[in-house]
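Q: Questions regarding the structure given below will be posed in turn.
The values are calculated or read from the model by the stated rules, or taken from the named source; none is laboratory data. Keep in mind that what you see is a predicted model, and the values were worked out from it rather than measured. Please note: Cβ atoms are built from the backbone with ideal geometry, for glycine as well, and neighbour counts cover all protein chains shown.
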Amino acid sequence: MLSVPAVAFGILPPPLRSPLPGDGQRSPTEVMNAYARLRPTTVIERCECDHVTELVLVDLLTDNPIHCASCRREIDPERIGLTESETEAVAEWQGVASALYRLWLDSGVYEDDAKRWLLDPQGQVNQRGREIAIFLSVHHPTRLWYFHDSDDPTPVDCPVCGDSLETTVKWGIGICRPCHIHI
């Protein structure tokens, strides 16, 4: 293994960066294949259902927010025919949503702010999550798992439209199909 000084003192050239139109450089996350960023990392996490009928975008503390609505396991984006740009959009949204969720879980000074952002139906993370759920619905009906703090009263209405939630769900509290919300 090489030590830091070997690179720092010019013994080895710096790592190559791939060109990207515009700024001339690509970040490490852009270089990584979008599919690889969201591919389930273990067999245990991967959906084995014969047919995927519905999807839920949910952060279950993994890198992939695309989950089967039936078994709750992760779905490889290539399995459902997502393009690289669709997969990249999901990965970018996941980065923000996951960061907010982890700030809330940390229960530190950012907890209240993170909760407020996670609960805001007009906030950026929820707006973008719903947009992604809508475009993923071209492949399979998709809902955004909307944040709910179990210490708060159980929601009975959709946070977006205010209509009553459909409560005949396999897991969670309820769904609003028109708003692509699952709580």
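Q: Kindly evaluate T62 against the criterion of being of a type in the set (V, I, T) and free of Cβ contacts under 8 Å to residues at least 60 places away in the same chain.
A: Numbers: of a type in the set (V, I, T): yes; free of Cβ contacts under 8 Å to residues at least 60 places away in the same chain: yes.
It is true that T62 is of a type in the set (V, I, T) and free of Cβ contacts under 8 Å to residues at least 60 places away in the same chain.
Q: Further question: Give me a count of the residues in the stretch 159-171 that are hydroxyl-bearing (S, T, Y) and part of a loop (DSSP other than H, G, I, E, B).
A: Step one: list which residues in the stretch 159-171 are hydroxyl-bearing (S, T, Y), which gives 164, 167-168.
Retained after the next criterion (residues that are part of a loop (DSSP other than H, G, I, E, B)): 167-168.
Total meeting the criteria: 2.
Q: Next question, about the same structure. Can you name every residue in the stretch 81-130 that is under 15 Å from the mean Cα position of the chain (by Cα) and outside any helix (DSSP H, G or I)?
A: Across the stretch 81-130, the qualifying residue is only L82.
Q: Look through R17, R72 and report the one residue that is modelled with pLDDT under 95 and either surrounded by 14 or more Cβ atoms within 10 Å (Cβ to Cβ) or polar (S, T, N, Q) (or both). I'd like the intermediate steps shown before the answer.
A: Working: R17 fails: either surrounded by 14 or more Cβ atoms within 10 Å (Cβ to Cβ) or polar (S, T, N, Q) (or both).
None of the other options fit; the residue is R72.
Q: In the stretch 131-158, what count of residues is obtained for those that are in a loop (DSSP other than H, G, I, E, B), touching a residue at least 12 places away in the same chain (Cβ under 8 Å) and not β-branched (V, I, T)? Break it down into steps so the answer makes sense when it comes.
A: Filtering the stretch 131-158 for residues in a loop (DSSP other than H, G, I, E, B) gives 137-141, 146-156, 158.
Adding the requirement that they be touching a residue at least 12 places away in the same chain (Cβ under 8 Å) leaves 137, 139-141, 146-149, 154-156, 158.
Then keep just the ones that are not β-branched (V, I, T); that gives 137, 139-141, 146-149, 155, 158.
Residues that pass the stated criteria total 10.
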